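Q: Please see the structure below; I have some questions.
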Amino acid sequence: MAKRGVPQGWHREDIKGELRKRFGPITVLSRTWGYNQAGITNTLLRPDYSPAIEQRIAEALGETPHTLWPDRWTPEGTSRPRSTNGTHPSVAIPSPHRQKSEAA
């Protein structure tokens, strides 16, 4: 259910479908653009993954990033601050979740 007053943007499956129709398989497109094969998919799933890939996707679809992701981009084209909740690969693993070096 949509929140009142919050612009919705495109659903990620609509974005994926439109990219597939225009460019073929998402993994191939991702590699063609110079990203790892899961780069586009990760960008669609995780808001903190890659604003640069979001811009590239919007450009390829002839849209602005704000049109696709109004919760991630301002109408002026500026990326909104992203929440990093530990899902990005560059975020350190909290110490209680690390193995002890003796056990490794």
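Q: List every residue pair whose Cβ atoms sit under 9 Å apart, with the two residues 6 or more apart in sequence or on different chains, where the first one lies in the stretch 59-83 and is farther than 15 Å from Thr43 by Cα and the second, anywhere, is in a helix (DSSP H, G or I) and aromatic (Phe, Trp, Tyr).
A: Taking only residues 6 or more apart or on different chains, not a single pair turns up.
Q: Now for a different question. Report the residue count in the stretch 57-80 for those that are surrounded by fewer than 20 Cβ atoms within 10 Å (Cβ to Cβ) and under 20 Å from Thr27 (Cβ atoms).
A: So the answer is 3.
Q: With at pLDDT 95 or above, part of a loop (DSSP other than H, G, I, E, B) and not hydrophobic (A, V, I, L, M, F, W, C) as the only criterion, which of Glu18, Glu63, Glu13 stands out?
A: Going through Glu18, Glu63, Glu13 in turn, just one is at pLDDT 95 or above, part of a loop (DSSP other than H, G, I, E, B) and not hydrophobic (A, V, I, L, M, F, W, C): Glu63.
The values are calculated or read from the model by the stated rules, or taken from the named source; none is laboratory data. Predicted, not measured: the structure shown is a model, and the values here were computed from it. Reconstructed Cβ throughout: ideal geometry from the backbone, glycine too, with neighbour counts over all protein chains shown.
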